[in-house]
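Peer 1: Below is the structure I would like to discuss, written out as structure tokens.
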Protein chains: 2
Amino acid sequence: MAKHDPDLSLLFHALSDPTRRSILTRLAEGPARVTELADPTGLRLPTVMRHLSVLEEAGLIATAKDGRVRTCALVPEALTPVRTWLDDQRAIWEARLDRLEDYVTKLMKERSQ
Amino acid sequence: MAKHDPDLSLLFHALSDPTRRSILTRLAEGPARVTELADPTGLRLPTVMRHLSVLEEAGLIATAKDGRVRTCALVPEALTPVRTWLDDQRAIWEARLDRLEDYVTKLMKERSQ
DNA sequence: ATCATGCTTAGCCATGTCTCTAACTATACT
DNA sequence: AGTATAGTTAGAGACATGGCTAAGCATGAT
């Protein structure tokens, strides 16, 4: 299968880890430095760094280094493709439901004649 | 970090693969048997089976076997937790924006005095 | 200049993922 | 009964992931 949506795959993969989701939730309340993010996870710094780079490569966060401190911030628009995919999926599903409804309606009309 | 949301992890992981997403999109148009789903992927049956069981374990599809044919169907409500998580995330983000706005408003008031 | 802080790099290990082939089972067709 | 069809199981191989330790490198504080 062609990988038509590398973005979506990256995004969903980034979101599939509880640690990464908790980092995002934390960041939703405001930017934070690396150590600050690592602290509540109970994980070692290099491990958290890895999570952060997964998030950054997915475009979910942006980071910048000032002096020796790296500050991380959420990129809220990054979730748009996910939302869009969900909406599209629901749209197709609903279209199908509509067609099914039409079909049932048609059946009932035919029956009532 | 405690894994408070095994469901979400399963769901996001299931959605992180293009093949699996394409299967879901196909299923959104109506139920299908395994071979039918395998066909357009260009993958071997066992591989597709694996994808299907990932989708099933995440609760995204339901399958039933009739004779030697297994039919797969979408479970559209399964996406609800994902949608909820996205909404929650956005809510926190917007709350933060509001607080920021309040702060700015306050600053401006102070300044104008 | 020295030391502490904050991050980064390198490399290891166990486990998980995605794909395959080969062989098997169970159901339908003739 | 014999053959084709639809799926399943088992297992292998290549690579990714998530965690770690140990060592390195800037930058800020004294």
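Laboratory data are not the source of any read-out in this text; all were calculated from the coordinates shown. Since we're looking at a predicted model, the values are computed, not measured. Note: ideal-geometry Cβ built from the backbone for every residue, glycine included; neighbour counts use all protein chains shown.
Peer 1: Where does each of A:83, B:20 land when they are ranked from fewest to most other beta-carbon atoms within 10 angstrom?
Peer 2: Values: A:83 14, B:20 25.
In increasing order of surrounding Cβ atoms, one gets A:83, B:20.
Peer 1: Suppose you put the label 7 Å out from Cα in the Cβ direction; list, shortest first and in nm with one decimal, how far residue B:33 is from each other copy's label.
Peer 2: 6.3
Peer 1: If packing is taken as the average number of other Cβ atoms within 10 Å across a peptide's residues, how do B:41-47, A:72-78 rank, most packed first? It would help to have the intermediate numbers written out before the result.
Peer 2: Values: B:41-47: 12.4, A:72-78: 16.7.
By packing density, highest mean first, the sequence is A:72-78, B:41-47.
Peer 1: If you don't mind, another one. Residue by residue through A:13-26, how many Cβ atoms from other chains fall within 10 Å of the Cβ on average? Don't skip to the end; give the middle numbers.
Peer 2: Details: counts 5, 2, 11, 9, 6, 9, 3, 3, 9, 5, 1, 4, 5, 1.
What the average comes to for A:13-26 is 5.
Peer 1: At what distance in nm do the modelled label points of residue A:94 and residue B:29 sit from each other, each positioned 7 Å from its Cα along Cα→Cβ?
Peer 2: Between residue A:94 and residue B:29, the label points sit 2.0 nm apart.
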